[in-house]
Structure formats: structure tokens, C-alpha cells
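**Student:** Okay, here's the structure, questions in a sec.
The values are calculated or read from the model by the stated rules, or taken from the named source; none is laboratory data. On a predicted model such as this, the values are computed, not experimentally measured, just so you know. Please note: Cβ atoms are built from the backbone with ideal geometry, for glycine as well, and neighbour counts cover all protein chains shown.
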Amino acid sequence: MSSDIRPVDNYCRSYWMSNPDKLANYRSTDDLPQHSDIVIIGSGYSGSACAYYLYKYGQSLKKPLMITMVEARETCSGATGRNGGHLKPDVYYSYKRYSEKYGRQMAETLMEFEAKHIQAMSALVLEENIQCDWEVTRACDAYMNPELAAKAKASFQQRCADGGNVHDIYEVPSDDLLAMTRVKNVVYGITFTGASIHPYKLIHHLLNKSIEQGMNLQTNTPVLTAIRLPSGQWSIVTPRGTIYASKVIFAMNAYTAGVLPLFNNKIVPIRGTICRILPSVKFQQSPLKMTYSIRLKENQFDYMIPRQTGDRSIILGGAKPAHISEMKIWYNNWDDSIEYNNDESKKYFEEYMPKHFDAWGTDDGGCQQFWTGIIGYSSDLLPFVGQLPDLPNGYVIAGFHGLGMPRILLCARALADIVLERTTNIEELLPEPYVVTKSRLETK
């Protein structure tokens, strides 16, 4: 795998980025600070949430924290600013696989950790009065493939049999599938609590809050190297100069291996495609209320949020069947300058709603916008969070495998506790399989 994994300069713009925030190209100071207590690399969800909690929990320290955040491009122009705006926890689908690998108790912990993000985000939005179109609703998994449906049902039933917390999960009766899901040819449906959000607005609220508390933000400042010196300090080298830091948080997700080679083949950049669709008149008058995953085959699903504000745009991502056979255009690909992976992906989205949704009609506004985003796939499907092995005062929060929205917030809160030395045992705060360890990094 190439070690030159760097954000490209000529990136396309997502729907969320249509109205750039005042911080988009902001620099707190003309020059880079020479030294910081903590440097955070990356201004997306992971970086901004870490900064927020560092300031929130660091208020009791004797002296104010000196935090510098460096961002290679505009703020929130990576995966967070390009995602589907979908906070949808996995509450059953991976349970059987987790149980076989980690045991049923840890499988339940992994399910519950994601589910807790709905309440955690609701509390954050309320506490900070964040205007980010936060909408708690039901998430619907609609299965089109009988074999995959049987596998999903078996995983759900095993969680039930193991005494898991399944009170929020509802299997749609077969006679009600079309009426409840509004999806054609669905063979199995299951719903649970999910949510939608405007991720760009969320992140910029958190960034503004941290800047108010003293954070130095430096955009358009890519990190070339990050090296721990014999003195114990970290040297963060950029084209604009070097920052020396006592501690460093690598919140770079798909780009992590470009600066930390130990993550080569552990976090792989994957290019995905997303679009925005204007609904038909009927679906404007009777809008979709749930968020969706339309599950077609194993590891092939499309995800969708119907926005409940403004023009009620539908954000739709996936299109794997249209490009999965052309591996080079999506695997280990970090070029988000193009709007879609291939012409087949564009056509896939353009035909999607009338193909899958009952009585969609022919009077929709069509696909208004396409964009790509770079996802950080991890080798074992779970994120890497915690202190880097054999690199004291270096920390990582990355590799969220396309599931950052229901995983990052509580990971960032836990990592802030570790960085501030409020605790030394991160396993008390996170599911143990999330924790970065030497053995995980050495596993093939």
C-alpha cells in the first residue's frame, strides 16, 4: 500500500459544505505556534470532539491548556463533511459475528456502546444549543435478499436468546412490510432508534466553542511528518513550519497511515459516493420519516436519510453494486476530487428512488448533487482508539469503518480522559476491542 496517503487539494464539495462556515479557512494566528501542550491533527468529528472534551474536562487544571489543531484543507472537509448525516447504531446485525469472536458479553457491550450515542448526542445538542438539524427517529433496515435476511434475523434472535437489551428493536410483520417501509420487494424489515444530523453544522459549533476557549486553529496546513524526539517531545512538521508538542492526537481517519506508517494495511482509504435527491411531489406531501439501510447483499447496502427540514432533500449513499468490481476506483483510493466513482454509480442513484420506493412517481427533482468521500476502513472492522504502543503521549482515534457517527463521540470523550490523565485505564470507558494495542497492529 502507498505511504503517500494525503488529502488532495482539488477536492469536490459536498451538500453539507455548500455554505462554508466562517472557520473554513481560518487561522488563529498568522504563524504556527512553536509549541503546544497538545496538537490535534484533523478537524473532523474526531478532532473537534476531542478538543471539545479536552477543554470541558481540562477546566480544573492549574493552567489553561494550549491546544493547536492543524487541518490539511478546510475545516471539516474530510469524511465528516461528506458523510450521509446518519447516526444509525448497529444493534443486532453484527451481534452473532461479535459473539463468536469476542464472546456474548463483549458483543452486547459493542451493541450498547453504539446505541448510547443517540442519547449522548441528544444531550450534547441540548446542553450546547447546537443548531444542526438533529432529528431522532426510527431507523429501518429493509432487506431485499432472502439469504441475507435470514442471516440478519438469526443474529437478532441470538441477541434475544442471550438476554440482550432488545426492547427498542422491532421486527416488521411480513404483512405490513410495504405499508411500513414503503420499499418495494422487501422480504424482511427491522426498525430501531436512529437519527439524522447536519454534520458540518455540528462540527463547526464544536470548533467555535474550542476557539472561544483558546484553541489555535490552523487550516490548510498538512502534516508531513510526526516524530517523537528523544526528549519526549513530538515534532509536527508542516510546509509552514514545525510545532513541538507534549502530546499529539492523530484524528486523521483514512489518512492515518500517511503520517503513522504503523497503520499501513490497518486503516485503508475507501472512496464512497453520495448524492442529494429532491423528492417527488407525493413524497413531499407524505415524506419519509425513517432513515434507511437498503440491504441488497452481504456487505452491499445503501444508506439514506430523508431530511425533515427545508426542501426535504434525501441524502443517499452507497451504490456498491455499480462499482465494487472495479476495485482500483474505490479501494485504497483517497482522491475525493471527483463527484462519483464511475458513470454506473451516477446512473444507479438516478434510478434508485422509483426503483425501490413504492409509488414514487415521475415528478421528482432528481439528483441535485453528487460527491465522494474517503472512509477509513479498519482491518478488523473496528476503530483504533487510545495511546499508541511504544510511543508515549501519542494518541489515535481513527479507522471508524464508515460508522463514525454512532462511535466517535464517546470515543473522543474517553480519549480526552486518557490524554488529561483523569484515568489510565481506557478499557473502563470503551469496548476493549476498540483499544489500539501492539497485538492488534501486528495481526495479519
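**Student:** Output the qualifying pairs, or none if there are none: Cβ atoms under 7 angstrom, residues six or more apart or on different chains, first residue in the stretch 228-250 and closer than 14 Å to I38 by Cβ, second residue of a type in the set (K, R) and surrounded by fewer than 22 Cβ atoms within 10 Å (Cβ to Cβ).
**Tutor:** W234/R228
**Student:** Just the residues that are assigned to a loop (DSSP other than H, G, I, E, B), in contact with a strand residue (DSSP E or B) (Cβ under 6 Å, 6 or more places away or on another chain) and either closer than 29 Å to N185 by Cα or basic (K, R) (or both), please, taken from the stretch 312-353.
**Tutor:** Across the stretch 312-353, the qualifying residues are S313, A319, W330, Y340, N341.
**Student:** If the requirement is being within 30 Å of C140 (Cβ to Cβ) and either outside the structural domain of L260 (by TED's automatic domain parsing) or surrounded by fewer than 20 Cβ atoms within 10 Å (Cβ to Cβ) (or both), which of these qualifies: Y26, Y95?
**Tutor:** On the way: Y26 fails: within 30 Å of C140 (Cβ to Cβ).
Criteria check complete, one pass: Y95.
**Student:** Here's something else I'd like to know. May I ask you to say which residue of C160, C140 is under 17 Å from P306 (Cα atoms) and either of a type outside the set (G, A, S) or touching a His at 6+ places or on another chain (Cβ under 9 Å) (or both)? Walk me through it before giving the result.
**Tutor:** Numbers: C160 fails: under 17 Å from P306 (Cα atoms).
Matching residue, one of C160, C140: C140.
Table: residues versus (1) in contact with a His (Cβ under 6 Å, 6 or more places away or on another chain); (2) of a type in the set (K, R); (3) over 23 Å from V136 (Cα atoms); (4) in contact (Cβ under 8 Å) with a residue 60 or more places away in the chain.
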| site | (1), (2), (3), (4) |
| --- | --- |
| V385 | no, no, yes, no |
| L391 | no, no, yes, yes |
| Y395 | no, no, yes, yes |
| G399 | no, no, yes, yes |
| P406 | yes, no, no, yes |
| C411 | no, no, no, yes |
| A414 | no, no, yes, no |
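**Student:** I need every pair where a residue in the stretch 12-31 that is touching a residue at least 24 places away in the same chain (Cβ under 8 Å) has its Cβ under 7 Å from the Cβ of a residue that is exposed (fewer than 10 other Cβ atoms within 10 Å of the Cβ), sequence separation at least 6 or different chains.
**Tutor:** none
**Student:** Would you please list the contacts, defined by Cβ atoms under 6 Å and residues six or more apart or on different chains, that run from a residue in the stretch 178-197 that is crowded, with 19+ Cβ neighbours inside 10 Å to a residue that is of a type in the set (K, R)?
**Tutor:** What qualifies is T191/R138; G194/K88.
Listed here are the residues, each with its yes/no results for (1) of a type outside the set (A, V, I, L, M, F, W, C); (2) crowded, with 20+ Cβ neighbours inside 10 Å; (3) more than 15 Å from the chain's Cα centre (by Cα); (4) within 23 Å of R407 (Cα to Cα).
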| position | (1), (2), (3), (4) |
| --- | --- |
| Y11 | yes, yes, yes, no |
| S60 | yes, no, yes, no |
| K63 | yes, no, yes, no |
| E71 | yes, yes, yes, yes |
| T75 | yes, yes, yes, yes |
| G81 | yes, yes, no, yes |
| L87 | no, yes, no, yes |
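**Student:** Quick one: would you say L110 is of a type in the set (A, V, I, L, M, F, W, C) and in the same structural domain as T225 (by TED's automatic domain parsing)?
**Tutor:** Working: of a type in the set (A, V, I, L, M, F, W, C): yes; in the same structural domain as T225 (by TED's automatic domain parsing): no.
So L110 does not fit the description; no.
**Student:** Moving on to the next point. Confirm whether V237 is part of a loop (DSSP other than H, G, I, E, B), hydrophobic (A, V, I, L, M, F, W, C) and over 21 Å from the mean Cα position of the chain (by Cα). Working first, answer last.
**Tutor:** Details: part of a loop (DSSP other than H, G, I, E, B): no; hydrophobic (A, V, I, L, M, F, W, C): yes; over 21 Å from the mean Cα position of the chain (by Cα): yes.
The answer is no for V237.
**Student:** While we're looking at this one, here's another question. Could you please give the count of residues in the stretch 152-166 that are touching a residue at least 24 places away in the same chain (Cβ under 8 Å) and either surrounded by fewer than 17 Cβ atoms within 10 Å (Cβ to Cβ) or assigned by TED's automatic domain parsing to the domain that holds E427 (or both)?
**Tutor:** Of the residues in that region, 4 qualify.
**Student:** Determine, yes or no, whether D141 is part of a strand (DSSP E or B) and either farther than 30 Å from N208 by Cβ or of a type in the set (A, V, I, L, M) (or both). Don't jump to the end; show me each part of the working.
**Tutor:** On the way: part of a strand (DSSP E or B): yes; either farther than 30 Å from N208 by Cβ or of a type in the set (A, V, I, L, M) (or both): yes.
Taking the combined requirement at face value, the residue satisfies it.
**Student:** Still on this structure, I have one more. Take the residues in the stretch 354-406 that are assigned to a loop (DSSP other than H, G, I, E, B) and among the charged types (D, E, K, R), then tell me which one is surrounded by the most Cβ atoms within 10 Å (Cβ to Cβ).
**Tutor:** So in the stretch 354-406, the residues assigned to a loop (DSSP other than H, G, I, E, B) come out as 358-365, 379-383, 388-393, 399-406.
Pick out the ones that are also among the charged types (D, E, K, R) and you get 358, 363-364, 380, 390.
Values: D358: 13, D363: 11, D364: 18, D380: 13, D390: 9.
That would be D364.
**Student:** Could you tell me whether the stretch 43-62 includes any residue that is touching a His at 6+ places or on another chain (Cβ under 7 Å) and not acidic (D, E)?
**Tutor:** First pass over the stretch 43-62, keeping only residues touching a His at 6+ places or on another chain (Cβ under 7 Å): none.
Checked the stretch 43-62: no residue is touching a His at 6+ places or on another chain (Cβ under 7 Å) and not acidic (D, E).
**Student:** Continuing with this model, one more query. Only one of these conditions is not met by L61: (1) closer than 24 Å to H204 by Cβ; (2) at pLDDT below 95; (3) of a type outside the set (V, I, T). Which number is it?
**Tutor:** (1)
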